[in-house]
1. How many nm is it between the label spots at Q453 and N287, if each spot is 7 Å from the Cα in line with the beta carbon?
2. Using the Cα centre of the chain as the reference point, and only Cβ charges (+1 on K/R, -1 on D/E), how large is the resulting charge dipole? Debye, rounded to the nearest 20.
3. Just checking my list [x] 30.3; [y] 19.7; [z] 23.2 against mean projected area of the Cα convex hull in nm² computed from this structure; which label fits?
4. Tell me, how many Å apart are the Cα centres for segment 284-298 and for segment 247-273?
5. Mind ranking 152-159, 214-221 by how tightly packed they are, going by the mean number of other C-beta atoms within 10 angstrom, highest first?
6. Sorted by average packing, counted as other Cβ atoms within 10 angstrom per residue and highest first, what order do 308-314, 170-176, 397-403 take?
7. Pairing the Cα long axis of helix 289-312 with the longest principal axis of the chain, what angle in degrees results, from 0 to 90 and rounded to the nearest 10?
8. Contour minus end-to-end for E73 and N136, with contour as 0.36 nm per residue of separation and end-to-end as the Cα-Cα distance?
Amino acid sequence: MEAKKLWGGRFEASLEEWVEEFGASIRFDQKLAKYDIQGSLAHVQMLGATGVISLEEAQSIQAGLEELLNDYEAGKLVFDIQNEDIHMNIESLLTEKIGSVAGKLHTARSRNDQVATDMHLYLKDTLFQVVDKLTNLRQTLVNLAQEHIETVMPGYTHLQHAQPISFAQHMLAYYNMFSRDSERFAFNIQHTDISPLGAAALAGTTFPIDRQLTSDLMGFSHPYTNSLDAVSDRDFILEFLSNASILMMHMSRLCEEIINWCSHEYKFVTLSDTFSTGSSIMPQKKNPDMAELIRGKTGRVYGNLVGMLTVMKSLPLTYNKDLQEDKEGMFDSAETILVSIDILAGMLQSMTVHKERMAQSTEKDFSNATELADYLASKGLPFRQAHEIVGKLVLECSKAGYYLQDVPLERYQEISSIIGPDIYTALESQTAVSRRNSLGGTGFESIRWQIQQAKEQLSASKGL
């Protein structure tokens, strides 16, 4: 028998099945079940406390909702597409449990403020998880930096060897990116930690409700101060999707580097078997598939942001059915970033860093050219003149097939009498890195300071 619509009083005909399926959201919004029940528990307690319904009725409804929550957590709830969405499914299931008194639960609220409340609860919960996982990822990067302060590698611009740097400096650059991500998600909590419940359909209600009470019961910081805004605001979701997109961009950048570093040409790192796969035809292959998947999943998170921005574009106040499209992208992005953060942290924690190979790659190149220019400048030569001299010498070496550290002292002194035997020490990668201790530089003392700053940041952020 067809389920009776809770809104069907003014309708003479029912939806055809295929139209009903198009309009229903229960396929995906069932993820909100526990949050819907949580919001209903707060609402019914308030209804009883304010005398909108009797205490006996409120207690009966509360007991039924608690049973439903237990059933949900035990995996026993079965949802019906004919009830359209999670709110009507929960109300129908509640009615089956406790009878017609369940109908009083919806007094002084609408599905409009109810769904907004559910999403605020869901996303607030998700944001705390994201920040927690980012703290773990950031700690992983600091641990790697601590272990590799004096591990020297090529620094790149334009994917060309530029100057030698510390591998720790490279890891700390990503630490800073993920720290900014964490700050963005933490700020996102402020705009999510607001209760829409009690705004009803759009205009509030004539019943003497207590919106501050329901806000407190659900653990929100405060209620929305405007009922139109309460039911139509999706900025908190857009913020989340934007923040998630920036986070995925940062993770994708690091994954691209890991993918390069694993290649035969680099051989800088080896990933654990846990985060690698093989080939069905080439027995020798060990592919960085998890890094590639994070890189690939960045596109779907971007798509969710663009989709939500497009849904909201030109949408008049207040509620419109378009807003049903606000959930799937949010769920998908949340699930994607939560697992991606864990995968990336796991890859970094378990990968092997080949220090010798990294160091060797800075020896047969011209990444020490700036050292020679700086050396000349420190002896009083104008830097632009020093730059030109070194550029010409690099060209000479390139044609002859050797490097700056191979140039005989006699040739150096032909170029400039101010060059002494100490030039060879200055050209060493380890020396080049260790001397760059300007604020934020790659010098080892600078790295130690950056690590200390990061540790203090992490210690403070763990209290969030």
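1. 4.1
2. 1220
3. Calculated mean projected area of the Cα convex hull in nm²: the matching label is [x].
4. A separation of 9 Å, based on Cα centres.
5. On the way: 152-159: 16.1, 214-221: 19.2.
Most protected by this proxy first, the peptides run 214-221, 152-159.
6. Order by mean packing, descending: 170-176, 308-314, 397-403.
7. Approximately 50 degrees, to the nearest ten.
8. Extending this stretch completely gives an extra 19.9 nm.
Computed from the coordinates by the stated procedures, all read-outs in this text should not be read as laboratory data. Values in this document were obtained by computation on a predicted structure and should not be read as measured data. FYI the Cβ positions are ideal-geometry reconstructions off the backbone, even for glycines, and counts take in every protein chain you see.
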